[in-house]
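I have placed the structure first, in the form of structure tokens, so that the comments after it can refer back to it.
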Amino acid sequence: MAIQDAQSFTLTDEERALLPTDEDVVFYAEHGWYLSKKLFTDEEIDQLEAASERFYAGHRDRTLPVRPPKLAYWEPEKGDVQRHNDYIHYEDDTIGRILRKPLLGAVAARLAEAEQIRVFQSTLIYKPPVAHEQSNIVPWHFDRHYWATSTSERMLTAFIPFHDCGEEMGTITMVDGSHLWKETSDNDATSLHFAERDRSELEQMLEDNAAFNGVEVNKIPVFIPKGHVNFHHCRTYHGSGANVSDRPRRAISFHLQDGENRYRDFFRSDGTQVHYNHDVLVRRTAEGTPDYSDPEYLPLLWSHH
């Protein structure tokens, strides 16, 4: 896999104009999300869509050497449900190349106030235009719960649709400012993916946490124009509704880590150890733990050095 070298982490004057302003960085810190300027050209987005169709038809530039235990991986026999395919940046070179655009990493670095940004995970998503398809509804959650084996509190997600994406298509919806909430308690079940939990329980958890913090739940569906990207903090509650439009909602959820993020052991109160899918794939550190800076799977996107 071709990895970008440090010398290529430069921006043109036009790209620098697309970085978040100081006011944008303050907005992200206060609200937990940020809608970018146009970071990708129409041609780049169209290439992502074309590559995704080739991927769904069976094209792979490479496949994972082992299948992690909780891999999200739609295959045609699963039918017309919401499709999730993890590690798309690794399995498809066209998609991986476009996602590694330095501008995207530079924007994330500004928001996270980090010196470096690395890939953490990427998921290709396809939400079919089936109004009553229950798999299309993504319940309230925040990503940090699933990253319990990571040390960082500055991780973030870039949501990249392949078209104008509004409420009719089931766009991503932010719970404004929720990254600043204190949780009512450390519920061990939160490290389980939302697909493994009851939707009503997650709805109640959101309401309980808002009440605990003495705030109202303010849900903001984000209209994302083609080529723009919505970033959200790893502790910002979010979800998405049904796709009631006449065409599929196509996107990539691109999870990012700051350069200081490392693996840590994490155990639930019953003594069971939490694992992330990377742990069976990435190389090992000198201490024998999974290396979350492995350039094969988690390449560097941006560095100030």
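The values are calculated or read from the model by the stated rules, or taken from the named source; none is laboratory data. Just so we're clear, the structure is a prediction, and the values are computed from it rather than from any experiment. Cβ: placed from backbone, ideal geometry, glycine included. Neighbour counts: every protein chain shown. Side chains are part of the model used for accessible areas, which takes the heavy atoms of the whole protein and leaves out ligands, DNA and RNA. Shrake-Rupley method; radii C 1.70, N 1.55, O 1.52, S 1.80 Å.
Of (1) of a type in the set (A, V, I, L, M, F, W, C); (2) out of contact with any helix residue (DSSP H, G or I) (no Cβ under 8 Å at 6 or more places or on another chain); (3) in contact (Cβ under 8 Å) with a residue 60 or more places away in the chain, Phe254 satisfies all except one. Which?
Looking at each condition in turn, Phe254 falls short on (2).
Return the residues of the stretch 110-141 that are in contact with a His (Cβ under 7 Å, 6 or more places away or on another chain) and not in a strand (DSSP E or B); say none if nothing qualifies.
Glu115 - this is the single residue of the stretch 110-141 that is in contact with a His (Cβ under 7 Å, 6 or more places away or on another chain) and not in a strand (DSSP E or B).
Tally time: how many residues in the stretch 232-261 are open to solvent by 10 Å² or more (accessible area, probe 1.4 Å), part of a strand (DSSP E or B) and within 27 Å of Asp294 (Cβ to Cβ)?
Number of matching residues: 3.
Any chance you could count how many residues in the stretch 170-185 are in contact (Cβ under 8 Å) with a residue 24 or more places away in the chain, open to solvent by 40 Å² or more (accessible area, probe 1.4 Å) and among the hydroxyl-bearing types (Ser, Thr, Tyr)?
1
Look through Val280, Val229 and report the one residue that is among the β-branched types (Val, Ile, Thr), in contact (Cβ under 8 Å) with a residue 24 or more places away in the chain and surrounded by fewer than 17 Cβ atoms within 10 Å (Cβ to Cβ).
Going through Val280, Val229 in turn, just one is among the β-branched types (Val, Ile, Thr), in contact (Cβ under 8 Å) with a residue 24 or more places away in the chain and surrounded by fewer than 17 Cβ atoms within 10 Å (Cβ to Cβ): Val280.
Kindly check whether there is at least one residue in the stretch 154-173 that is part of a loop (DSSP other than H, G, I, E, B) and acidic (Asp, Glu).
yes
Find all pairs meeting these conditions: Cβ atoms under 7 angstrom apart; at least six residues apart or on different chains; first residue within the stretch 32-50 and on the phi > 0 side of the Ramachandran plot; second residue in a helix (DSSP H, G or I) and open to solvent by less than 60 Å² (accessible area, probe 1.4 Å).
Gly32/Ser178; Gly32/His179
With the condition kept exactly as written, say whether any residue in the stretch 140-156 is closer than 20 Å to Phe40 by Cβ, touching a residue at least 40 places away in the same chain (Cβ under 8 Å), small (Gly, Ala, Ser) and open to solvent by less than 20 Å² (accessible area, probe 1.4 Å).
Checking the stretch 140-156: not a single residue is closer than 20 Å to Phe40 by Cβ, touching a residue at least 40 places away in the same chain (Cβ under 8 Å), small (Gly, Ala, Ser) and open to solvent by less than 20 Å² (accessible area, probe 1.4 Å).
Pick out, from the stretch 1-85, the helices (runs of 4 or more DSSP H) lying fully within it that include 1 or more residues that are surrounded by 17 or more Cβ atoms within 10 Å (Cβ to Cβ), modelled with pLDDT of 95 or more and not basic (Lys, Arg).
Passing ranges, in order: 22-31, 42-56.
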